[in-house]
Amino acid sequence: QAPFVESGGALVQPGGSLRLSCAASSQSQDIFNMAWYRQSPGKQREEVAQIRGSIPTNYLDSVKGRFTISRDAEKKIVFLQMNRLRPEDTAVYYCKNEQEPTVWGRGTQVTVSS
């Protein structure tokens with residue numbers, strides 16, 4: 001079983017917003033050092049944003065000022081608020097714990113298109 005379940009992806013028009021959720025599969029799952037990644041067809045998976053505790057520590061240059069990573073420690077959920085979406089943000093989005101062996105979930109599809 002994947003340690004996290006991603007959700008919230010959808011088809012949205014350019015300029016729109018989405019909030020993705022990354023929920024821990026178990027209440028014992030650690031979510032201290034987490035990151036969101038994305039992968040578009042034909043491209044390598046890339047890190048989009050990282051959070052350590054409650055502090056965002058890194059954003060991909062192309063999403064700075066548009067995306068915000070946050071978490072609800074009690075509910076064991078990590079969020080990615082995405083604003084002013086662009087067609088190039090289209091991808092499957094994944095989350096993972098940066099300090100644990102990589103086990104990818106199914107991800108959630110974000111499609112930005114008019």
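General remarks:
- Selection status of Lys75, under 15 Å from Asn33 (Cα atoms) and either surrounded by fewer than 20 Cβ atoms within 10 Å (Cβ to Cβ) or in contact with a strand residue (DSSP E or B) (Cβ under 8 Å, 6 or more places away or on another chain) (or both): no
- Hits in segment 56-102 - residues which are among the β-branched types (Val, Ile, Thr), without any contact (Cβ under 8 Å) to a residue 24 or more places away in the chain and within 25 Å of Pro41 (Cβ to Cβ): Thr102
- Test: residue in segment 103-114 that is aromatic (Phe, Trp, Tyr), within 15 Å of Arg38 (Cβ to Cβ), surrounded by 18 or more Cβ atoms within 10 Å (Cβ to Cβ) and touching a residue at least 24 places away in the same chain (Cβ under 8 Å): no
- Number of the exception - Phe32 against (1) more than 14 Å from Gly8 (Cβ to Cβ); (2) among the aromatic types (Phe, Trp, Tyr); (3) in contact with a Ser or Thr (Cβ under 9 Å, 6 or more places away or on another chain): (3)
- Residues of segment 11-49 that are without any contact (Cβ under 8 Å) to a residue 60 or more places away in the chain and in contact with a helix residue (DSSP H, G or I) (Cβ under 9 Å, 6 or more places away or on another chain): Ser40, Val48, Ala49.
- Screening Thr68, Thr57 for residues that are more than 12 Å from the chain's Cα centre (by Cα) and among the β-branched types (Val, Ile, Thr) leaves exactly one candidate, Thr57.
Every read-out reported here was derived from the displayed coordinates using simple, explicitly stated rules and does not represent laboratory data. Note that the structure is predicted; figures quoted are calculated from it, not measured. So basically every Cβ, Gly included, is an ideal-geometry build from the backbone, and we count neighbours across all protein chains shown.
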